[in-house]
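The values are calculated or read from the model by the stated rules, or taken from the named source; none is laboratory data. No experiment lies behind these values; they were computed from the predicted model shown. Positions of Cβ are generated from backbone atoms using ideal geometry, with glycine treated the same way; all protein chains shown enter the neighbour counts. Just so you know, the surface numbers come from the protein's heavy atoms only, side chains and all, with ligands and any DNA or RNA stripped out. Shrake-Rupley method; radii C 1.70, N 1.55, O 1.52, S 1.80 Å.
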Amino acid sequence: MPSTNSNGSRFFWILPFAATIFAMMTMQMSSLGFSPLLPALQKEFAINYSQLGLFTGVYGLVAIFLSIPGGMLAKRFGERRALSMGLLGVALGLGLLSLAPSFGWALTSRVIWICGYRISFVCVMTAVALSAPKSLQSSAMGILGAMSSLASVIGAPFGSTIGAAFGWRRGILAFAAMALLGSAIFWIFYRRSGDSVGRAQTVGHGGAILGSGLSSGPSRSAFRTPVVWAMVLLGLMNMGGFAVTFFLPAVAKTVFNLSPKDAAYIISASYVTAIFANLLCGYLADRFNRWMVMASLMVLLIPACFAMMTDQLLVFRIATALVISLGLCATNQIYPLAGEVAAKAIPGSELGPVMGIVSLGGGVFGYLGPQMLGILRDRTGGFTAGWYFVAGGACVALLVVLLLKRHLDSAKTIAIAEVLA
């Protein structure tokens, strides 16, 4: 394995890490930044809130089917090739959406877009885990989350400004151009460092040892490990974030009589908050108990979900910022937690499949959150029931975090007892 002692090789990881961050930003600009264009799209195609929930929530449906295959693609072809192709899929879907003559065409284009996005997302997590030093995994994920939030801060006004001047279709087309740029930059500048090549070669092409201090014992399939599948439920942490981001323009208009541009500013402010929250969360998670940091995020998130029911604009802005930023923080820190769990449950595990299983939760609840919010809005005539629903999801997520922590602590206790015996 190439030496990592020299300054050149020690810092070689920065360039591929930066290329990965840029790729993530170009696909994230459209993923969440397109929401201010939704009212114009809804008006043109004359769709109700349930259909709007399907259009936004189809992200989750696609993620359910592609999260695990995305991890397998990273293993089979390598994260560089899979991520670059995924971004081309994002650009294709966005381009087709900008030409959509009907809602059916638009929905199909959205599926293509999200297929590319989901494969890219899993590969981004794999690329970060391979490029960043083991001692900085949580901080690296925090930086990734911060820059992802910055992309949304840029994306919302970027899309709404172009949409206001040239129409929502041109705004969508501009997002497609950014995805093409991201694919090109990542393909050119991403290379594995000597350390990451060594980690990946331990288990084969595209794979990696997950977590730090793993034993070199026989490999066990991630697909046959119940505790890894239990981490799918951690996707509940950002269910409210998905729902709020996509439905905020509708809530702002119906409850506070705000324009799409005003809604874009609220979204942008929320993601500005998420930038600093992600950096702080990553720093704390690397220096203190990651599980307690996650539990603390949920303790803050639950009352923020209930506060979304307010009719006071200032309280609404603060609650929105908390729901979005805390959800994003939690999402990015799930992956280092997965490393700790898999280190005990699957010695010698491959990174791609584990990342795919864990990211499946984001798909399930990324669909369920917006879809249920739309259905409950149509059934009740308001958003209150939907906010109760996402708050309940955050409560379940807190319980899962505490149970997984207890499981991990028990496994450590048994391991120490076996050594002493």
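Quick notes
- For S102, solvent-accessible area (1.4 Å; no DNA, RNA or ligand), Å²: 50 Å²
- Computed from backbone phi, the HN-Hα couplings of segment 89-100 come to x, 4, 4, 5, x, 5, x, 5, 5, 5, 9, 4 Hz, rounded to whole numbers (Karplus: 6.51 cos²θ - 1.76 cosθ + 1.60, θ = phi - 60°; Gly and Pro given as x).
- Karplus-derived 3J(HN,Hα), 6.51/-1.76/1.60, for each residue of segment 76-87, Hz, glycine and proline x: 6, 10, x, 5, 5, 5, 5, 5, 4, 5, x, 5
- For H407 and R76, the difference between the fully extended length at 0.36 nm per residue and the C-alpha to C-alpha distance is 116.0 nm.
- Separation of segment 85-118 and segment 267-321, taken as the distance between their Cα centroids, equals 31 angstrom.
- Segment 266-344: chymotrypsin sites (Phe, Trp or Tyr not before Pro) falling in loop per DSSP and having at most 16 other Cβ within 10 Å: F288
- Of R377, R118, R76, the order by accessible heavy-atom surface (1.4 Å probe, DNA, RNA and ligands excluded), from most exposed downward, is R76, R377, R118.
- Linear extension gain, T310 paired with C395, 0.36 nm per residue minus alpha-carbon span: 28.6 nm
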